[in-house]
Amino acid sequence: DYQKHPHRTSEAAVQIEDDRTGMNVETLRRAFLDNLYYIQGKDLQLATPYDLYMALSYTVRDRLLQRWLHTQEVYLQQDVRSVCYLSAEYLLGRQLGNALINVGLYEQARAFLKEMNLDLRDLMEQEIEPGLGNGGLGRLAACFMDSLASLEIPAIGYGIRYEFGIFAQSIRDGWQVEQPDRWLRYGNPWEIPRPEYLVEVKFGGHTEGYIDPAGQYRVSWVNDRSVLGTPYDYPVPGYRNDTVNTLRLWSARATEDFNFQVFDSGDFARAVADKTYSENITKVLYPNDNTYQGRELRLEQQYFFVSCSLQDIIRRYLSYHSDFESFADKVTLQINDTHPSIGIAELMRLLVDEYLVGWDKAWQITRRVFAYTNHTLLSEALERWPVALFGNLLPRHLEIIYEINRRFLDEVRERFPEDEGRIARLSLIQEGSQKQVRMANLACVGSHAINGVAQLHTELLKKDVLADFYALWPEKFTNVTNGVTPRRFLLLSNPKLALLLSERIGQDWLKDLDQIGRIESLVADPAFRSAWQQIKDDNKRDLAEYILQFNQIEVDPDSLFDIQVKRFHEYKRQLLLAFFIVTLYNRLKRQPDLEIVPRTFIFGGKSAPGYAMAKLIIKFINSVARVVNSDPQVSRHLKVVFLANYNVSLAQRIYPACDLSEQISTAGKEASGTSNMKFALNGALTIGTLDGANIEIREKVGPDNFFLFGLTAQQVYDLKARGYNPRDYYDSNAELREVVDRISAGGFSGGDTNLFRPLLDSLLYRDDYLVFADYQAYIDCQEQVSQAFRDRERWLTMSILNSARMGYFSSDRSIREYSRNIWQSEPVPVEPESPAIRPA
Ligand code: F58
């Protein structure tokens, strides 16, 4: 054994091999008790459930560490090309269950805990999830990290270690109330601080020109303050391989513990307060989804993490290379939306000012390494920074952006002479009373690849949002349709269904989701069908229990579970579903003996705290819920539930219990959507518009297995061009009118006719998202849903076919496409350090 581990020479090291890396049930049990005692300071008698969770987490972490260090050693030795994923958000979800699964210890952990009369799932529930993201964009980054490691691609994720993640939502009197997310308060076993890789980030000040010894004109940035970044590393284990990649999140620290100048003058409190000011940079995640808020602190966050990351990347590169000749061969930088796009100017600054690389060479390198993913079609979500604010914070970067722009626009003028309109649209600077830096333009100019996240989205980028850039560089544009990880969103969240799959088709689907297609041949197998139905029923019963516990509402597990969970935004049209519910309510009030398919409507999602209309929609849904649930005539058939604090953990409970997934955004607005994929993978049917990835989902599952309704993106565009008047729909549609009138009359607000007025006015006078225009088509489509659900055998077939045909939507497929088409990166398998560390 010593031969196999030349670096382990002592007797003690063999002990460590056993208790810190051993994979069998007996070793795990011993390690667990040891960690409980020596890290938590408890024995089994005294341990709280949280102590038990911590002890198990440390036990798993120990087993990751060896693989982690070894992976990094292999990457270093082979001087691999690595993918650096830059994202302001990672919505990771709980770590313990995922780590157990990926490292292959889930069953062993369950077994030894069971012997001790402990339940693994209960322990997993103790974990406070790291909610370091808002929604789809942040969760996508987390799925991509999982897939990169599972595909053995050398990668590092860079981001921000927010001290407060996405706020905790509670519902009081039907309104959203926000509380700070103090996720770190009981400690975090999943991170390792690396103060030795501290970096300094400068802010403010001015620039000065000078002539260097070689007679060359150069610029130096004289900053007026700086902040330190400490990296915290999170292990990202691949699924059942020996790869463990790193997620490196930066935390801000003051440069000096004392501001000496102030301290000398005796103002101790001020000195400490200044320190706190620096640390504010990584204090809190901005809670906006699909809107942009031009706050200085937000730009500080972006620059802070990007500068830390680039300095870190360069430090590691230079430890193996003496110039930048092969930088672009060893590194590729993917920017997750424009939030890290300041990196383009920062890399130029580092190369040109700090490493004295010539501008042209530096620009060539920069363009080769950066690639940009766009995630939105909403123009109000595009980032633009006022030039004045930008210049105060980052004076040198503003100069660099002006220089990039000057050279870029010269090129454009050459290709399109006398086309000043085009120049104005392409410019990195938006002119006007308040000049602004357009970050999407910077991202397009500074990247070699630009991608959208679903086919329609990419087409609309080319045709509309980024049309001028497409005209310049069509070859830069590619589509990479989003995907989701089947490990977390099937194996971990729906263990019964996962087991059924594995029993019938083996386990290959976990590494190659296309294999899930093999269950299609079982669609007529009675045993398989009844097992499938049984699992869905069980999952619905579990969710019903949760609802009873948290909402004190009793729901019928036999009813159709009709679910819309996602961030609240007008374009996502939660109101359309609410209007359907009110329509059913009206019908039942009119005709009490009406026989309708019983449904349980489940909503969940947060609103940006400053988004008044979205908050009013939440209040409206809760108000409808109250009226519906407390009316015995109606609540025999219908229940409406709003689940508070929708997050990744709750999502994992919800997807497996869903019959009908609501994907009803206005066509042309949702870039992709990813919950649509997670629902369908778990056997839900979709009611949806031709928007985002819905289109591709429908193509894959087949039109017969998808409930389609509504205007297409083109029709939306045409209707608006013709002049859309929502009032016409109100006037001509009796049922729609009845819905509006009942709300207007205070039917859901205890007679208060003002409460929901802003909501109704926005629909009657603008209806930007065409709720009225799509209302009738939606109601009709829901009728087809009800008909289909009456025929349980038909529904069951459709459910199976939906899962069976979701292979394409694995994030493994997305990552393979990025690797092949954008990154040119290859897998680097990591061999186990010793056979002993492999699971039995
Ligand atoms: C989402 N964007 C898209 N942005 O809306 C969704 O269609 C897509 O599936 C998903 O990205 C992944 O591609 C999104 O979540 C944000 O949350 C930003 C956070 C930072 C401020 C601007 C919005």
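The values are calculated or read from the model by the stated rules, or taken from the named source; none is laboratory data. The structure presented is a predicted model; accordingly, all values stated were derived computationally and were not measured. For neighbour counting, all protein chains shown are included, and Cβ atoms are generated from backbone atoms with ideal geometry for every residue, glycine included.
Quick notes on this one:
- Given (1) crowded, with 22+ Cβ neighbours inside 10 Å; (2) more than 16 Å from the ligand (Cβ to nearest atom); (3) assigned by TED's automatic domain parsing to the domain that holds Ser326, number of the condition Ser147 does not satisfy: (2)
- Residues in the stretch 170-186 that are assigned to a loop (DSSP other than H, G, I, E, B), out of contact with any Ser or Thr (no Cβ under 9 Å at 6 or more places or on another chain) and surrounded by 12 or more Cβ atoms within 10 Å (Cβ to Cβ): Pro180, Asp181, Arg182, Trp183, Leu184, Tyr186.
- Any hit, the stretch 20-30, residues being at pLDDT 95 or above and under 16 Å from Pro189 (Cα atoms): no
- Residue within the stretch 201-208 that is part of a loop (DSSP other than H, G, I, E, B), of a type in the set (A, V, I, L, M) and touching a residue at least 12 places away in the same chain (Cβ under 8 Å) present: no
- Considering residues of the stretch 281-306 that are modelled with pLDDT of 95 or more and polar (S, T, N, Q) only, the residue farthest from the ligand (Cβ to nearest atom): Thr282
- The listed residue being of a type in the set (A, V, I, L, M, F, W, C), free of Cβ contacts under 8 Å to residues at least 12 places away in the same chain and assigned to a helix (DSSP H, G or I), out of Ala721, Ala777: Ala721
- Scanning the stretch 101-120 for residues that are within 21 Å of Tyr50 (Cβ to Cβ) and in contact with a Leu (Cβ under 6 Å, 6 or more places away or on another chain) yields Tyr106, Ala109, Arg110, Phe112, Leu113, Leu120.
- In this entry, Thr753 passes the filter for residues that are part of a loop (DSSP other than H, G, I, E, B) and surrounded by fewer than 17 Cβ atoms within 10 Å (Cβ to Cβ).
- Of Val624, Val582, Val597, all but one fail to be farther than 21 Å from Ser170 by Cα and out of contact with any Ser or Thr (no Cβ under 7 Å at 6 or more places or on another chain); the exception is Val582.
- No other residue among Ala214, Ala149 is more than 30 Å from Ile617 (Cβ to Cβ) and at pLDDT below 95 apart from Ala214.
- Under the condition of being farther than 15 Å from Phe707 by Cβ, in a loop (DSSP other than H, G, I, E, B) and touching a helix residue (DSSP H, G or I) at 6+ places or on another chain (Cβ under 6 Å), the residues counted in the stretch 643-666 number 1.
- In the stretch 460-472 there is no residue matching the filter, namely being over 21 Å from Asn336 (Cβ atoms), β-branched (Val, Ile, Thr) and either in contact (Cβ under 8 Å) with a residue 12 or more places away in the chain or surrounded by fewer than 16 Cβ atoms within 10 Å (Cβ to Cβ) (or both).
- Wholly enclosed helices (runs of 4 or more DSSP H) of the stretch 263-380 bearing at least 1 residues touching a Cys at 6+ places or on another chain (Cβ under 8 Å): 296-318
- Exclusive hit being of a type outside the set (Asp, Glu), surrounded by fewer than 15 Cβ atoms within 10 Å (Cβ to Cβ), outside the structural domain of Glu152 (by TED's automatic domain parsing) and closer than 30 Å to Lys536 by Cα, set Arg813, Arg766, Arg792: Arg792
- Residue within the stretch 409-427 that is closer than 30 Å to Gly668 by Cα and within 16 Å of the ligand (Cβ to nearest atom) present: no
- Residue match in the stretch 820-832 (condition: at pLDDT below 95, buried (at least 17 other Cβ atoms within 10 Å of the Cβ) and farther than 30 Å from Phe601 by Cα): no
- Test: residue in the stretch 186-197 that is of a type outside the set (Val, Ile, Thr), at pLDDT 95 or above and closer than 30 Å to Val641 by Cβ: yes
- If only residues of the stretch 271-280 that are surrounded by fewer than 17 Cβ atoms within 10 Å (Cβ to Cβ) and among the hydrophobic types (A, V, I, L, M, F, W, C) are counted, the one that is farthest from the ligand (Cβ to nearest atom) is Val272.
- Filtered residue count, the stretch 387-446, keeping only those that are within 21 Å of Trp359 (Cβ to Cβ), assigned to a helix (DSSP H, G or I) and touching a Phe, Trp or Tyr at 6+ places or on another chain (Cβ under 6 Å): 5
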